[in-house]
1. Give me the 1.4 Å probe accessible area per residue for the chain, excluding ligands and nucleic acids, in Å².
2. Using a Förster distance of 60 Å, how high is the FRET efficiency between ASP165 and ILE379, based on the Cβ-Cβ distance and rounded to 0.05?
3. Which value does Rg/Rh take for segment 264-385 over its C-alpha atoms, Rh per Kirkwood?
4. Can you give the relative contact order of the chain as a percent, counting alpha carbon pairs under 8 Å and 6+ residues apart?
5. Taking a cut-off of 22 Å between Cα atoms, list the lysines near LYS370, but don't count ones fewer than 8 places away on the same chain.
6. With θ set to phi - 60° and the Karplus curve 6.51 cos²θ - 1.76 cosθ + 1.60, what are the ³J(HN,Hα) couplings of segment 15-22 in order, to the nearest whole Hz, using x for Gly and Pro?
7. Restricted to Cα positions, what overall size does the chain have along the principal axes? Three whole-Å values, descending.
8. Report relative contact order for segment 41-215 in percent, whole number only (criteria: Cα-Cα under 8 Å, sequence separation at least 6).
Amino acid sequence: MEKDGSQDIAAEIFAQEDPIFRNKSLVEVEHVPSPERIVGRDDEIRALSTELRSAVNGDSPENVILYGETGTGKSLVAKHVAKAAKSNAGDVRIGTVYVDCSTDDTETQAISSIARTLNDEAVTDIRVPETGLAKAAYYTRLYAILDQQYDVVIIILDEADMHPDDQILMSLSRAVETGKTDCRIGLIAISNKVRWAEDLNDRVKSSLQPRELNFHSYDANQLRAILSHRRDAFREGVLSDDVVPLCAAYAAQDHGDARQAIDVLRNAGMLAQRDGSNVVTRDHVEDAKMEAEKDRFRDLIGGLTVQKKLVLSAVTALHKGTDDDEFSMAQIIETYTQLCEATGTSTRSDRRVRDFVRRLAFLDILELRKQNLGRAGGITIYARLQPDHDLDIVHQTAMDDEQFVVADSDAENASLDSF
Ligand SMILES: Nc1ncnc2c1ncn2[C@@H]1O[C@H](COP(=O)(O)OP(=O)(O)OP(=O)(O)O)[C@@H](O)[C@H]1O
Ligand SMILES: [Mg+2]
């Protein structure tokens, strides 16, 4: 059969070896690195292992709270140490389970998920339906499973702050004491909200008696080491020398987030691939950084109300339309009013617009300068786009909102209440 031309093109591309990546999964978001690729977390691994050590003797492990900024290896270290406890347990029957509380965000769902993961139906003869039972019934089945199958379980509750009350921590930490089960339970609760651990109420704290481990952000050297241990995601000779240090420096400048560093490295590789290049260069990293900034900015702006976006658009429109470096409130209000008319959105009072400008400054999107004009003139505020931001990116992102026309009444409620 004769192939048509377009089929050949696709076939040819699929038949080619990937010129950039040898094992791309090493730099994918969901990849869990093997122990030899975990670097710069020896102290945290040691500390957490120490707290859990009794588990391998069949005794109660300590409860631990891990907290720290996003991308600092909390989830990774928790999974790694729990797995190590299990594989070093000898005759002691250790179960481990990982729950993402942002997905299983009710107590019932989380308990159902824990019970289903730990249950071996062939052993217990207990069936755990995913949904449909009352909370108490899930707890009962969970405790029956624990008693039949395990001496000790280690339960990782990741993103634990997503549960509005801390009842699950309370119930699980008191299970032995209240006679619900003989199985020893160790909890590892993880949060990137540093205040969450502090704010846990006293009742929960006194039953949990948690050890707290703070995960510090990575510095550029640690990030470099983390990335270097994933170099074999790429083919030999593909990464030019400055690529890894650049990605590491970029993430270190921000707040030392390993995920961000890995993302930029992977995206630089993808950009090189799209260019048809067989090396990843400094320029690819710069472009990947730019893309990452855009994404972040979209996230930041995406959460703003329509009214705040209009005020921001007024400032960016002024920047684009004039040579001035900063703008008075009067100029901003005038342009904002024009934009409201153009988009069919009702205007807010001048005082509200001033509030919006202050709020945008608080979010580091705008920068303000106060000028005291003396007794007669009072204080005038000038605003400009925070110079770190790219004007075009901000302008496009702020103006790009299909709600400008339709969602005005919602926006009013939201914006009036949101600060
Ligand atoms: N020390 C490390 N060595 C190797 N890879 C790491 C290290 N720390 C983090 N990573 C990688 O960086 C990414 C983020 O790590 P992890 O998910 O553990 O962060 P986290 O602290 O749980 O962040 P969040 O608070 O956002 O959940 C993962 O892909 C992980 O594999
Ligand atoms: Mg995590």
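1. Per residue, the chain has an accessible area of 52 Å².
2. 0.85
3. 1.14
4. Once divided by the residue count of the chain, the mean separation gives 16 percent.
5. Excluding near neighbours in sequence, the set is LYS308.
6. Karplus values, whole Hz, x for Gly and Pro: 6, 6, 6, 5, x, 9, 9, 9.
7. If we take the Cα atoms of the chain, the spans are 79, 64, 51 Å.
8. Result for segment 41-215 is 34 percent.
The values are calculated or read from the model by the stated rules, or taken from the named source; none is laboratory data. Everything numeric here is computed off the predicted structure, so don't read it as measured data. Glycine gets a Cβ as well: all are built from the backbone with ideal geometry, and neighbour counts include every protein chain shown. Remember, those area values only see protein heavy atoms, side chains included, never the ligands or the DNA or RNA. Shrake-Rupley method; radii C 1.70, N 1.55, O 1.52, S 1.80 Å.
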